[in-house]
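Note sheet for the following structure.
Just so it is clear, none of the values below were taken in a lab; they were calculated from the coordinates. As the structure is a prediction and not an experimental result, all values here were calculated from the model. Cβ: placed from backbone, ideal geometry, glycine included. Neighbour counts: every protein chain shown.
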Amino acid sequence: MKIHFWGVRGSIPTPASPSCIKSKISAIIEQITAEDIGSNESREKFLAGLPPWLFGTVGGNSPCVSVSFDNDDECIVFDCGSGLRELGMAQAGASKKISRYHVFLSHFHWDHIQGIPFFGPGYNPTVKMDFYSPAGNLKKILDGQMVNPYFPVTFDVMGSKKTFHYMDKDIEILGCNVSMKKMNHPGDSYAYCVTENGKRFIYATDTELTSGDFLKNDENTAFFKDADMIVIDCQYTLGEAIDKYNWGHSAFSLAVDFSANWNIKHMVLFHHDPTYDDHKLYGILQSAKWYLERMNLKGIELTLAYEGLEISI
């Protein structure tokens, strides 16, 4: 399965500010020498050697992650933040179109549903959209953000064929199993696990990890143990997590401990704080790697989620 990241920011979309762009340009100019611009080859080498926080960006769109499978015109989508619009725009230029989207919603805070009205394929009557959630009244909830005076057209104007599924147990779709688990977040949030051919991917955004998540009971073990990859809420540093206790988000160090506790092979830091710039986010990744080494935790790969990242497992 291929996991693609369309939106990775938490709480609210966060476009890069003019001052941030100017700072990056200034920092790059300070490093350039005459030899670096002497030829196309030297320019490419110089750019390739820049740190990722300078040459590129993590992105400012709110959460949306897709999971696709070989030779399939259907895909799974987790959450519908503003990153969903990016998925729709990518589809507009794709040679092979997705005809059916299986959309799983972790919860209904605005940063996780605000992309729906701007999802181009959702207006195509030949496209099917299946929405899944453990919450009841799913259609009514999604209708609620597209009503006057909040939006000029209603949800029903989107011409795709929409079906709403109340999820109260594991389901089988696209040759894989999808299970769910309620996590600790104000108003509740659900993590999802996709299992295909023995490979297991977990999407666990918007969760404030507690001691109960580390317990080696049957429920936790069945859901988390030995997963190949987890996309997990790492919005805060430890100090911020303490200051913002019960806000529903986790510190990156606690997420590392959690992944080690469950022998998860690959952890992706996700749901980035809207106040963090690229430099701080890549600094957090380095701190997480340092923490992993300092605590002598073996066998975990760490990746910072950014828009456009694609990982195969």
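Table for the structure above
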{"quantity": "Counted charge near Leu209, where neighbours are those whose Cβ lies closer than 9 Å (Asp, Glu -1; Lys, Arg +1)", "calculated": "-4"}
{"quantity": "Relative contact order of the chain, pairs being alpha-carbon contacts under 8 Å that are 6 or more residues apart, as %", "calculated": "18"}
{"quantity": "Cβ-derived FRET efficiency at R0 45 Å, Asp243 paired with Lys169, nearest 0.05", "calculated": "0.75"}
{"quantity": "Whole-Hz ³J(HN,Hα) from phi, Karplus 6.51 cos²θ - 1.76 cosθ + 1.60, for the range 271-281, glycine and proline x", "calculated": "6, 5, 4, x, 8, 8, 8, 4, 4, 5, 5"}
{"quantity": "For Lys162, distant residues with modelled amide H under 5 Å away", "calculated": "Met129"}
{"quantity": "3J(HN,Hα) from dihedral phi, the range 107-123, Karplus parametrisation 6.51/-1.76/1.60, rounded to Hz, x for glycine, proline", "calculated": "5, 10, 5, 3, 5, 10, 10, 5, x, 4, x, 10, 8, x, x, x, 9"}
{"quantity": "Environment charge at Tyr282 (Cβ cut-off 13 Å; Lys +1, Arg +1, Asp -1, Glu -1)", "calculated": "+1"}
{"quantity": "Derived scalar couplings ³J(HN,Hα) [the range 251-263; Karplus, 6.51 cos²θ - 1.76 cosθ + 1.60; whole Hz; x for Gly, Pro]", "calculated": "7, 4, 5, 5, 5, 5, 4, 5, 5, 5, 4, 9, 6"}
{"quantity": "Cβ crowding within 10 Å averaged over residues, with 92-98, 248-254 ranked highest first", "calculated": "248-254, 92-98"}
{"quantity": "Likely footprinting exposure, Tyr276, Tyr291, fewest C-beta neighbours within 10 Å first", "calculated": "Tyr291, Tyr276"}
{"quantity": "Using a Förster distance of 35 Å, the FRET efficiency for Ile12-Asn177 (Cβ separation, nearest 0.05)", "calculated": "0.55"}
{"quantity": "GNM result for the chain, Cα springs below 10 Å: residue of Ala227, Ala48, Ala288 fluctuating most strongly", "calculated": "Ala48"}
{"quantity": "Proxy reagent accessibility, fewest Cβ within 10 Å first, across Arg9, Arg43, Arg294, Arg200", "calculated": "Arg294, Arg43, Arg200, Arg9"}
{"quantity": "Net charge, Lys225 excluded, C-beta distance under 10 Å - Lys, Arg +1, Asp, Glu -1", "calculated": "+1"}
{"quantity": "Listed residues Asp228, Asp70, Asp170, most fluctuating in the chain (Gaussian network, C-alpha, under 10 Å)", "calculated": "Asp70"}
{"quantity": "Residue among Asn71, Asn220, Asn263 with the largest mean-square fluctuation in a Gaussian network model of the chain, springs linking Cα atoms under 10 Å", "calculated": "Asn71"}
{"quantity": "Pairwise centroid distance, computed over Cα atoms, of the range 1-45 with the range 283-313, Å", "calculated": "20"}
{"quantity": "Across Lys181/Lys265; Lys199/Lys289; Lys140/Lys161; Lys45/Lys280; Lys140/Lys265, pairs whose alpha-carbon gap is larger than 28 Å", "calculated": "Lys140/Lys265"}
{"quantity": "Ascending count of other beta-carbon atoms within 10 Å, so fewest first, for Ile141, Ile264", "calculated": "Ile141, Ile264"}
